[in-house]
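Following: one structure in structure tokens, then a few remarks.
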């Protein structure tokens, strides 16, 4: 079977209670739960949390919370891989065989069913897949600034190279991560070269790390929703 895991710890620092904060009218985690349920890809959509209020909100929107995440896996330094391994171990101990797992971040309101489906289908030829998008400008032209405010190219050898002659580069969107159980249980790094990139447009990506990000994301969501893109 395939399962979706939505990590949602309670101790968010930069945006307090971020995972259940109201986003365009409902808790932001509800969007991740909803898209996972609508996809029809998962035997179980679970929320991994250490927080009872988050657990209650998750259940109210249809997610399962079969366990509470231990405190040692809910600090500022615990990576997603450890959270997924904990979830997989839980199912193993219950005698349930999980073939594939998809991590969907709780702050992913721009994820659509097609993204999840493409990631699922990619596992036919690769052990993992995750969403990526291209850079708005060539990162080869990045600038650095010294203590006096003076600017210089980070990679000056690319100063006179035309953009069309540079390779297209991508970055992780921080939305969904698919993988076989074996891939995650073996501690593989999803960005180490074995995973397929599921390309999505830049207009459906937005990191939400502070309140400026949050306000921008809500504006983007309303526009995309009104245009029928979500």
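The values are calculated or read from the model by the stated rules, or taken from the named source; none is laboratory data. None of these values were measured; they are calculated from a predicted model. Reconstructed Cβ throughout: ideal geometry from the backbone, glycine too, with neighbour counts over all protein chains shown.
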Any hit, region 199-218, residues being in contact with a strand residue (DSSP E or B) (Cβ under 9 Å, 6 or more places away or on another chain) and part of a strand (DSSP E or B): yes
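Among the residues of region 15-47, which ones are closer than 17 Å to residue 111 by Cβ, free of Cβ contacts under 8 Å to residues at least 60 places away in the same chain and under 17 Å from the mean Cα position of the chain (by Cα)? Break it down into steps so the answer makes sense when it comes.
Going residue by residue through region 15-47, those that are closer than 17 Å to residue 111 by Cβ are 18-19, 23-24, 26-42, 45-47.
From the residues that got through so far, the ones that are free of Cβ contacts under 8 Å to residues at least 60 places away in the same chain too are 26-27, 30, 33-34, 37, 40, 45-47.
Result: 27, 30, 33, 34, 37, 45, 46, 47.
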Condition broken by residue 118, with the remaining ones in (1) crowded, with 19+ Cβ neighbours inside 10 Å; (2) modelled with pLDDT of 95 or more; (3) part of a helix (DSSP H, G or I) satisfied: (1)
Filtered residues of region 8-35 (kept if within 14 Å of residue 52 (Cα to Cα) and surrounded by fewer than 19 Cβ atoms within 10 Å (Cβ to Cβ)): 10, 11, 17
Evaluation of residue 12 against (1) in contact with a helix residue (DSSP H, G or I) (Cβ under 9 Å, 6 or more places away or on another chain); (2) within 15 Å of residue 76 (Cα to Cα); (3) in contact (Cβ under 8 Å) with a residue 40 or more places away in the chain; (4) assigned to a loop (DSSP other than H, G, I, E, B) (one fails), failing number: (3)
Wholly enclosed strands (runs of 3 or more DSSP E) of region 134-190 bearing at least 2 residues surrounded by 11 or more Cβ atoms within 10 Å (Cβ to Cβ): 170-180
Residue within region 54-71 that is buried (at least 20 other Cβ atoms within 10 Å of the Cβ), touching a strand residue (DSSP E or B) at 6+ places or on another chain (Cβ under 7 Å), at negative phi and touching a residue at least 60 places away in the same chain (Cβ under 8 Å) present: yes
Region 162-184: number of residues that are touching a helix residue (DSSP H, G or I) at 6+ places or on another chain (Cβ under 7 Å) and without any contact (Cβ under 8 Å) to a residue 40 or more places away in the chain: 2
